[in-house]
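The values are calculated or read from the model by the stated rules, or taken from the named source; none is laboratory data. Please read these numbers as outputs of a predicted model, since none were measured by experiment. Every residue, glycine among them, receives a Cβ derived from its backbone with ideal geometry; neighbour counts consider all protein chains shown. All accessible areas refer to the heavy atoms of the entire protein, side chains included, with ligands and DNA or RNA removed. Shrake-Rupley method; radii C 1.70, N 1.55, O 1.52, S 1.80 Å.
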Amino acid sequence: MKKGLVLEGGGLRALFSAGVTDVMMENQIKFDGLIGVSAGATFGCNYKSGQIGRALRYNIAFKDDPRYMSWRSFFKTGDLVGAEFSYHTLPNELDIFDYEAFRQNPMEFHIVCTDAETGEPVYKQLDDMTSDGLDWIRASASMPIVSRPVPLEGRKLLDGGIVNSIPLKHFQELGFERNIVVLTQPKGFFKKRTKLMPLFQLTMRKYPAIIKAMGRRHLMYNEQLQYLAEEERKGNVLLIYPEDVLPIGRTEQNEEKMRHVYQIGRKAAEENLEKILTFLSLNIEH
């Protein structure tokens, strides 16, 4: 039975997920595969490379660097998160990504993007992070309005969360029968239709499929939450989520809040550690 880990996005809310996954790595918990969406992909790749603490570390280290995430970057390049700095300079020179460890780890690593022209999900398995691997992760996390579509393999790609925020069903179709899903919203959360539709219609007019997808994103997300609940009742899924709404905005670079959200994630993992081990049928000394 293949065991999977599913990480949703949520911008810097996903530091909760980083706290969860760091505790799991510290306890040597292994999965057959991981699928991440948006920030779930950008932070989740550190699971395959085995780099505990890296997601929190670089977010704090470069929070004030305008090349990383800033409106200066947006007005200069069209990307709120600087593409060259964040996905090339940072992992290659400043907080080195362990490409070899990523390649050697047998755990499958999958991400979700959205085709900006068709509005369809695009799934990609990354076995090696060299070449255009980091650009695929960048595409998965490229939020509409504040990011340019990323051209890859003849497509223009944007944030995977637009059309598949919690890709459990897709992972199950790939053969992952027993999955832990880490959410960045509390139990009982219900997504409402975005109030930014006029802005999407203005800024994304070249991509009508994205406008249409954003108009129904809340319906897609709430359907996925219902499916999660059904799979949890069947015993196929273990959900890990914050007890309350996380006290940080999607792009809020406040060090105290980032550390706090990360610690909330660590606490959630520690409190659920026995449940995680039992669910995965593991017997690990900790």
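Scanning the range 140-179 for residues that are more than 29 Å from ARG266 (Cβ to Cβ) and in a helix (DSSP H, G or I) yields ILE162, GLU173.
Beta carbons closer than 7 Å, at least 6 apart along the sequence or on distinct chains, pair a first residue in the range 8-21 that is in contact (Cβ under 8 Å) with a residue 24 or more places away in the chain with a second that is of a type in the set (D, E, K, R) and open to solvent by 10 Å² or more (accessible area, probe 1.4 Å) for GLY10/ARG250; GLY11/ARG250; LEU12/ARG250; LEU12/GLU252; ARG13/ARG250; GLY19/ARG266. Scanning the range 194-210 for residues that are in contact with a Pro (Cβ under 9 Å, 6 or more places away or on another chain), crowded, with 17+ Cβ neighbours inside 10 Å and either of a type in the set (A, V, I, L, M) or farther than 11 Å from ALA116 by Cα (or both) turns up PHE200, MET204, ILE210. Say we look at the range 211-220 and pick out the residues that are under 15 Å from SER165 (Cβ atoms) and either at pLDDT below 95 or of a type in the set (D, E, K, R) (or both); which of these is least open to solvent (accessible area, probe 1.4 Å)? Checking each candidate, the answer is ARG217. Reported count of residues in the range 129-169, each being at pLDDT below 95 and open to solvent by 40 Å² or more (accessible area, probe 1.4 Å), is 3.
Against the condition touching a helix residue (DSSP H, G or I) at 6+ places or on another chain (Cβ under 8 Å) and either of a type in the set (Asp, Glu) or modelled with pLDDT under 95 (or both), how does GLU26 come out, does it pass? Answer is no for this residue. The helices (runs of 4 or more DSSP H) falling completely within the range 1-111 that include 1 or more residues that are under 30 Å from GLU271 (Cβ atoms), aliphatic (A, V, I, L, M) and open to solvent by 50 Å² or more (accessible area, probe 1.4 Å) map to 54-61.
Take VAL182 and decide whether it is open to solvent by 20 Å² or more (accessible area, probe 1.4 Å) and in contact with a helix residue (DSSP H, G or I) (Cβ under 6 Å, 6 or more places away or on another chain).
Details: open to solvent by 20 Å² or more (accessible area, probe 1.4 Å): no; in contact with a helix residue (DSSP H, G or I) (Cβ under 6 Å, 6 or more places away or on another chain): yes.
It is false that VAL182 is open to solvent by 20 Å² or more (accessible area, probe 1.4 Å) and in contact with a helix residue (DSSP H, G or I) (Cβ under 6 Å, 6 or more places away or on another chain).
When you scan the range 203-258, how many residues do you find that are among the hydroxyl-bearing types (Ser, Thr, Tyr), closer than 24 Å to LEU56 by Cα and out of contact with any Gly (no Cβ under 8 Å at 6 or more places or on another chain)?
The first filter runs over the range 203-258 and keeps only residues among the hydroxyl-bearing types (Ser, Thr, Tyr), leaving 203, 207, 221, 227, 241, 251.
Filter once more, so that each one left must be closer than 24 Å to LEU56 by Cα: 241, 251.
Add one more test, that the residue is out of contact with any Gly (no Cβ under 8 Å at 6 or more places or on another chain), and what stays is 241.
Going through the range 203-258 one residue at a time, the tally reaches 1.
Confirm whether PRO144 is in contact (Cβ under 8 Å) with a residue 24 or more places away in the chain, touching a strand residue (DSSP E or B) at 6+ places or on another chain (Cβ under 6 Å) and not aliphatic (A, V, I, L, M). If you could, list the steps in order and put the result at the bottom.
Details: in contact (Cβ under 8 Å) with a residue 24 or more places away in the chain: yes; touching a strand residue (DSSP E or B) at 6+ places or on another chain (Cβ under 6 Å): yes; not aliphatic (A, V, I, L, M): yes.
Judged against the criteria, PRO144 is a match.
Is it true that ALA229 is among the small types (Gly, Ala, Ser) and under 23 Å from ASN272 (Cβ atoms)? Spelling it out, ALA229 is indeed among the small types (Gly, Ala, Ser) and under 23 Å from ASN272 (Cβ atoms).
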